[in-house]
Amino acid sequence: MPPDLKTGNKEFAGFGRAVQGWTRISNREVRDMHWMKRLMIALVGVGLVILSGCVSVSTPPGGGVAPPNEETPKPPQYGTLSGTVLDADSGLKIWDGTVQVGDRTVALRDGVFQVDKLPQGKYTLTISRKHYQIYRADVVVGQGSNYVQVKLRTKYSKGELDLLARLVTAEAGGEPYRGQVAVAASVLNRVESSRYPNTISGVINQVVDGRYYQYEPVQNGTIWKPASSSAWNAVYDALAGWDPSLGATGFYNPAKTSNRWVRQQPVTVTIGRHVFFR
């Protein structure tokens, strides 16, 4: 065999051994990369497990996954609504009545009311009291204490109130103030009674059977004398709820009348020279 061929064979054999060595190294590297890949997958799995322990996902009672940004409902907050109720003309406190806030109803006593434990929100406030227009208004109740001042307007005209004050002046001008209030209250009680007319003028000007005047000043004309300031005050006190007559619907002076009918009525109280009856 020629020398150059031998040399070539030797060189070729050396090259073959180098290629085999390179192939072995490459395969080892491939195996190493395969293990590294598996190791990375394992590490990612461990990381997900760790993260799953840090993040909690709540499940609502009905099932499913709750929205991540949904806040837990807060318990309702409560407030108290109190108030003072006055006569719009006189400024006097209204003695009694009924107060309604939403579906809650409480009594008005001595001009004040209070409704406790109202959930915060908007309500309709309704106040009713005989002789006055019904009051309605929206109120907002916040947490803690809430206060309102309400002024009620009477349902009677100024002319009717003036007529009542003139009757008080004529009938009880010389009586103690308590007696003047009692006269005014007895007339208002008649207005509320189904046995009599339902207006102040109807009650005062009533004539039974065309000849029996219910009040002497209407018959003798003294009803036209101007009302005194004391009589006006007595009218406003009676409107606000003071009733010294104790629910009477009439009165008489025993020294001036012999009427058998009035003397047979049940007596409620005697004030000054007047006997009040129901």
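The values are calculated or read from the model by the stated rules, or taken from the named source; none is laboratory data. These figures come from a predicted structure and were not determined experimentally. Counting neighbours? That spans all protein chains shown, and the Cβs are built from the backbone with ideal geometry, glycine included.
Taking the conditions (1) out of contact with any Gly (no Cβ under 8 Å at 6 or more places or on another chain); (2) farther than 15 Å from residue 189 by Cβ; (3) surrounded by 11 or more Cβ atoms within 10 Å (Cβ to Cβ) in turn, residue 228 satisfies each one other than (1).
The residues of the range 111-162 that are surrounded by fewer than 17 Cβ atoms within 10 Å (Cβ to Cβ), within 13 Å of residue 85 (Cβ to Cβ) and among the hydrophobic types (A, V, I, L, M, F, W, C), listed by number, are 112, 134, 137, 148.
For the range 89-105, a residue qualifies if it is without any contact (Cβ under 8 Å) to a residue 12 or more places away in the chain and in a strand (DSSP E or B), and exactly one does: 105.
Per the conditions (1) in contact with a helix residue (DSSP H, G or I) (Cβ under 9 Å, 6 or more places away or on another chain); (2) modelled with pLDDT under 95, the sole criterion not satisfied by residue 227 is (2).
Selection over the range 242-263 of residues that are over 18 Å from residue 203 (Cα atoms) and crowded, with 22+ Cβ neighbours inside 10 Å gives a count of 1. Residues in the range 210-232 that are free of Cβ contacts under 8 Å to residues at least 12 places away in the same chain and under 24 Å from residue 154 (Cα atoms): how many? Count: 1. Run residue 145 past the list (1) of a type in the set (Ser, Thr, Tyr); (2) out of contact with any helix residue (DSSP H, G or I) (no Cβ under 9 Å at 6 or more places or on another chain); (3) free of Cβ contacts under 8 Å to residues at least 60 places away in the same chain and report the number of the one that doesn't hold. With (1) of a type in the set (Ser, Thr, Tyr); (2) out of contact with any helix residue (DSSP H, G or I) (no Cβ under 9 Å at 6 or more places or on another chain); (3) free of Cβ contacts under 8 Å to residues at least 60 places away in the same chain applied to residue 145, the lone miss is (3).
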